[in-house]
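Trainee: Before I ask anything, let me first share the structure, which is written out below as structure tokens.
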């Protein structure tokens with residue numbers, strides 16, 4: 001799952017997190033990760049956010065967006081769709097220069113965060129703490145896993161969402177749902193055995209409606225998408241194509 005150069009302070013005692021099914025972004029879900037592409041920062045993030053909001057409403061599909069951290073508060077205040085952070089640190093608010101505690105996300109108006117994306121991995125215990133910290137504040141965790149075994153292990157923390165994304169397919173032209181369908185179906189089976197209320201999302205290489213249809217057929221509850229939209233010459237057409245798969 002990768003390692004982190006930061007040491008994470010021990011988790012303080014707190015009440016148990018609510019069940020995963022109590023924290024939902026919609027089902028099935030289209031979650032767009034803007035990452036930090038130049039065209040998706042500042043005004044670009046707002047443009048894509050409003051486009052996703054419009055097309056999600058017209059299609060009847062539940063949509064959500066994860067912009068870069070500097071754009072988080074602005075999009076959360078301007079959009080009616082759920083806005084998530086791309087990363088969170090499992091620490092309490094306080095003297096945390098450069099850290100992103102869950103309280104900062106809630107104050108910005110975000111509804112949750114991606115956790116353990118392959119481009120920003122965390123140690124296993126940090127993932128657990130992040131899920132607990134977010135849940136304690138009624139924020140949604142979308143935990144990312146690189147393969148079936150990682151998904152099975154991470155499901156033990158009972159995240160509301162668990163997105164399986166083989167790193168070798170992220171940003172590529174082959175979708176995990178069509179190139180490696182067993183990864184999706186096996187992840188769904190593994191997660192259901194450990195945490196039946198956790199919803200599995202399918203990510204990595206999702207580009208068109210066929211990829212989305214196949215992901216849903218394999219048991220996923222939605223898709224996590226980035227480059228198919230963020231690097232598209234025509235983002236509107238790209239989003240419409242993906243939403244057609246629902």
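Trainee: Which of the residues that make up the stretch 203-220 are crowded, with 19+ Cβ neighbours inside 10 Å, out of contact with any strand residue (DSSP E or B) (no Cβ under 6 Å at 6 or more places or on another chain) and within 24 Å of residue 35 (Cα to Cα)?
Mentor: Passing the criteria: 204, 205, 207, 211.
Trainee: Same structure, new question: So which pairs qualify, if the first residue must be in the stretch 205-216 and on the phi > 0 side of the Ramachandran plot and in contact (Cβ under 8 Å) with a residue 12 or more places away in the chain, the second must be surrounded by fewer than 24 Cβ atoms within 10 Å (Cβ to Cβ) and in a helix (DSSP H, G or I), the Cβ gap must be under 6 Å, and the two must be at least 6 apart or on different chains?
Mentor: Pairs that qualify, where the first residue is on the phi > 0 side of the Ramachandran plot and in contact (Cβ under 8 Å) with a residue 12 or more places away in the chain and the partner is surrounded by fewer than 24 Cβ atoms within 10 Å (Cβ to Cβ) and in a helix (DSSP H, G or I), are 205/169.
Trainee: Determine whether residue 235 is crowded, with 21+ Cβ neighbours inside 10 Å, out of contact with any strand residue (DSSP E or B) (no Cβ under 9 Å at 6 or more places or on another chain) and at pLDDT 95 or above.
Mentor: Against the criterion (crowded, with 21+ Cβ neighbours inside 10 Å, out of contact with any strand residue (DSSP E or B) (no Cβ under 9 Å at 6 or more places or on another chain) and at pLDDT 95 or above), residue 235 qualifies.
Trainee: State whether the residues of the stretch 39-50 include one that is in contact (Cβ under 8 Å) with a residue 60 or more places away in the chain and farther than 14 Å from residue 229 by Cβ.
Mentor: No - not one qualifying residue is present in the stretch 39-50.
Trainee: Here's another thing I want to ask about it. Checking residue 180 against (1) in contact (Cβ under 8 Å) with a residue 24 or more places away in the chain; (2) out of contact with any helix residue (DSSP H, G or I) (no Cβ under 6 Å at 6 or more places or on another chain), which single condition isn't satisfied?
Mentor: Answer for residue 180: the failing condition is (1).
Trainee: Taking the stretch 121-146 as the search range and keeping residues that are over 12 Å from the mean Cα position of the chain (by Cα) and closer than 22 Å to residue 34 by Cα, which one is surrounded by the fewest Cβ atoms within 10 Å (Cβ to Cβ)?
Mentor: Filtering the stretch 121-146 for residues that are over 12 Å from the mean Cα position of the chain (by Cα) and closer than 22 Å to residue 34 by Cα, the one surrounded by the fewest Cβ atoms within 10 Å (Cβ to Cβ) comes out as 121.
Trainee: Mind telling me which of the residues 88, 111, 83, 100 ends up being closer than 26 Å to residue 27 by Cα and surrounded by fewer than 24 Cβ atoms within 10 Å (Cβ to Cβ)?
Mentor: 111
Trainee: Let me ask something else about it. Take residue 125 and decide whether it is out of contact with any helix residue (DSSP H, G or I) (no Cβ under 6 Å at 6 or more places or on another chain) and assigned to a helix (DSSP H, G or I).
Mentor: Yes; evaluated as a whole, the condition is true for this residue.
Trainee: Can you name the condition, by its number, that residue 75 falls short on among (1) out of contact with any helix residue (DSSP H, G or I) (no Cβ under 7 Å at 6 or more places or on another chain); (2) over 16 Å from residue 134 (Cα atoms)?
Mentor: Status for residue 75: all satisfied but (1).
The values are calculated or read from the model by the stated rules, or taken from the named source; none is laboratory data. None of the values given here were measured: they were computed from a predicted structure. When we count neighbours, we look across all protein chains shown, and the Cβ atoms used for this are built from the backbone with ideal geometry, even at glycine.
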